[in-house]
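The values are calculated or read from the model by the stated rules, or taken from the named source; none is laboratory data. This one's a predicted model, so the numbers in the text were calculated from it and none came from an experiment. Counting neighbours? That spans all protein chains shown, and the Cβs are built from the backbone with ideal geometry, glycine included.
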């Protein structure tokens, strides 16, 4: 399955009925990680839970292909250097870049549209922090 770069988060949840609507609770850590903001509009995709037969058939497939709900490890590591594009600014004014699976890297002292080479200084479950080591010019 192709995962678009616009994907902010992925989690399993239960659809609950409340009056004339249905509700899916978003885990608090998804909002606290900074990838989502309360009262903002997002597109939501619902995938069905596999039937018992589908689950049995997939037992022989590697977990990676089944799309397990186990947390994935961050796609970056401390000390790693990457060239990233600053896509937006966070609440504190820091630059936000996205890498594999939409994973957010927070880069202080950057502006939207800037391309920078960074060194990852801190990695957490849902976000990483990096420092600029070089600014990439358009003609490079």
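Those helices (runs of 4 or more DSSP H) of region 19-104 in which 3 or more residues are at pLDDT below 90 and within 23 Å of residue 129 (Cβ to Cβ) occupy 28-32.
Given the condition in a loop (DSSP other than H, G, I, E, B) and in contact with a strand residue (DSSP E or B) (Cβ under 6 Å, 6 or more places away or on another chain), answer yes or no: does some residue in region 124-140 qualify? Scanning region 124-140, I find at least one residue that is in a loop (DSSP other than H, G, I, E, B) and in contact with a strand residue (DSSP E or B) (Cβ under 6 Å, 6 or more places away or on another chain), so the answer is yes.
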